[in-house]
Amino acid sequence: MSNSSAPTSSGVPQMLIEKLLAVRGASSQRQVLIKEDDIHVVLETVREIFMSQPMLLEIRPPVRVCGDTHGQYYDLLRIFEKCGFPPYSNYLFLGDYVDRGKHSVETIILQFCYKIVYRENFFLLRGN
């Protein structure tokens, strides 16, 4: 029997964006618990989008170009707070999304969710 309050797979990215943004302004840098099933939905969906878009992107200005985030989730939130949240600001991230910070999962999942929801306003390069 399905749980009627559970989001459909198409609603998972938006639900996760709301959940991930709910920690803004927290006095301590809290981790956000994300269900494994929701991560799978996001990964499968964003893969389809990446495969459907061309390798060479032509992006219309204005666009915010952002360097390495390295799993620094709260720095990523500060970027959005200062420069505007998608889709009000367009973004191009250059790579190095995870690895050094304590919040690598939150960082990449938020970026992937924004890619899913705003695929023509949010771009992620493969990077190094």
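The values are calculated or read from the model by the stated rules, or taken from the named source; none is laboratory data. Please read these numbers as outputs of a predicted model, since none were measured by experiment. Note that we place each Cβ from the backbone using ideal geometry, even for glycine, and neighbour counts take in every protein chain shown.
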Failed criterion for ASN128 (all others in (1) in contact with a Gly (Cβ under 7 Å, 6 or more places away or on another chain); (2) at pLDDT 95 or above hold)
(2)
When the residues of the range 36-72 are filtered to those that are among the charged types (D, E, K, R) and part of a helix (DSSP H, G or I), which remaining residue is surrounded by the fewest Cβ atoms within 10 Å (Cβ to Cβ)?
GLU36
Return yes or no: is PRO13 loosely packed, with under 13 Cβ neighbours inside 10 Å and modelled with pLDDT of 90 or more?
no
The lone condition GLN29 fails out of (1) out of contact with any Gly (no Cβ under 9 Å at 6 or more places or on another chain); (2) assigned to a helix (DSSP H, G or I) is (2)
Residue within the range 82-102 that is among the small types (Gly, Ala, Ser) and on the phi > 0 side of the Ramachandran plot present:
yes
Please count how many residues of the range 104-128 are closer than 22 Å to ILE39 by Cα and assigned to a loop (DSSP other than H, G, I, E, B).
7
Which of the following residues is touching an Asp or Glu at 6+ places or on another chain (Cβ under 9 Å) and not small (Gly, Ala, Ser): LEU76, LEU125?
LEU76
Restricting to the range 76-103, and then to whatever is surrounded by 15 or more Cβ atoms within 10 Å (Cβ to Cβ) and assigned to a helix (DSSP H, G or I), can you tell me which residue is farthest from the chain's Cα centre (by Cα)?
ILE79
Looking at the range 65-75, which of its residues are among the hydrophobic types (A, V, I, L, M, F, W, C) and more than 14 Å from the chain's Cα centre (by Cα)?
VAL65
Only one residue in TYR114, TYR91, TYR118, TYR74 is without any contact (Cβ under 8 Å) to a residue 60 or more places away in the chain, closer than 18 Å to SER10 by Cα, out of contact with any Ser or Thr (no Cβ under 9 Å at 6 or more places or on another chain) and not small (Gly, Ala, Ser), so which one is that?
TYR118
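Every residue, every condition in (1) of a type outside the set (D, E, K, R); (2) modelled with pLDDT under 90, yes or no:
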residue: SER9; (1), (2): yes, yes
residue: LEU21; (1), (2): yes, no
residue: GLY25; (1), (2): yes, yes
residue: VAL32; (1), (2): yes, no
residue: ASP38; (1), (2): no, no
